[in-house]
1. Taking the condition of being in a loop (DSSP other than H, G, I, E, B) and either at pLDDT 95 or above or out of contact with any helix residue (DSSP H, G or I) (no Cβ under 8 Å at 6 or more places or on another chain) (or both), how many residues in region 167-193 meet it?
2. Which one of Asn124, Asn159 is in a loop (DSSP other than H, G, I, E, B) and free of Cβ contacts under 8 Å to residues at least 40 places away in the same chain?
3. Here's a check for you: in region 203-222, which residue that is farther than 26 Å from Ala133 by Cα and outside any helix (DSSP H, G or I) is modelled with the highest pLDDT?
4. Taking into account only those residues within region 134-156 that are touching a Pro at 6+ places or on another chain (Cβ under 8 Å) and of a type in the set (A, V, I, L, M, F, W, C), which is farthest from Glu181 (Cα to Cα)?
5. Considering each of Gly141, Gly147, Gly200, Gly225 in turn, give the residue that is at pLDDT below 90, of a type outside the set (Phe, Trp, Tyr) and surrounded by 11 or more Cβ atoms within 10 Å (Cβ to Cβ).
6. Would a scan of region 58-73 turn up a residue that is at pLDDT below 90 and among the aliphatic types (A, V, I, L, M)?
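The values are calculated or read from the model by the stated rules, or taken from the named source; none is laboratory data. Not measured: the values here are computed from a predicted model. Here the Cβ positions follow ideal geometry from the backbone for every residue, glycine too, while neighbour counts run over all protein chains shown.
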Amino acid sequence: MVQGLPPGPQPAAQQPMPAAAPNYNPNPVPYSSGATAYGAPLPRTIGAPQQAGAVPNEGGYTLGPGDKVRVTIFGETDLSGEYQIDGNGNIRLPLMGMTHAVGFTAGGLEAVIRAALVPNYLRNPRINVEIMAYRPIYVVGAVQKPGQYSYVNDMTLLNAVALAGGFNTQAKESTVYVRHEGGTEEQAFQTNMPLLIRPGDTVRVETTIFWDALNLFAPLSSPLGLAAAVR
């Protein structure tokens, strides 16, 4: 070192190492089953509407208005029963009163009920929530019997059309339109695709171009219509 010059920067190996953060995990796990990037549990709001990524909403069917559930609390027959989720997304349970159920899976609703009962009413309850009936689907357009129909597990696009009596003579059978519950736009699907329908979906069958044109010019077939066309 030259005398009188300030010392140069120390090599990187001699720099002091920062202290490790107390909660640092050198091997972070991917987000799964309610874990953050470092394995800490996510906060859960019991009885509130689900937000994206909340634990009860992960995996499985999520409840919605019109679904019917059976709540069983083993050894507590007075607290067990069957309940239908109302238009506001609630069910009325003994001791708990109005309880928000929409957006939760069956397991998530079990956690909601357990949190409300423990420790004020029960110590270690065994709770089971089972879906008894799903909210309906809607089939409209060029089918034999348009209307509302009960949903069943693993329902496909063609199953839904069959429930409505099948295509009528005016139907365009190659393509069907589906609007998922909560959506604002339809999507076109080929009928030869094994598309699964979800509870609350609306299935619409279009008429063929031939029938569209026929219906458009049908008024001209009457004498008054022909006279108007000549004018």
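1. So the answer is 10.
2. Of the residues listed, the single one that is in a loop (DSSP other than H, G, I, E, B) and free of Cβ contacts under 8 Å to residues at least 40 places away in the same chain is Asn124.
3. Applying the filter and picking the extreme gives Glu206.
4. Val140
5. It is Gly225.
6. no
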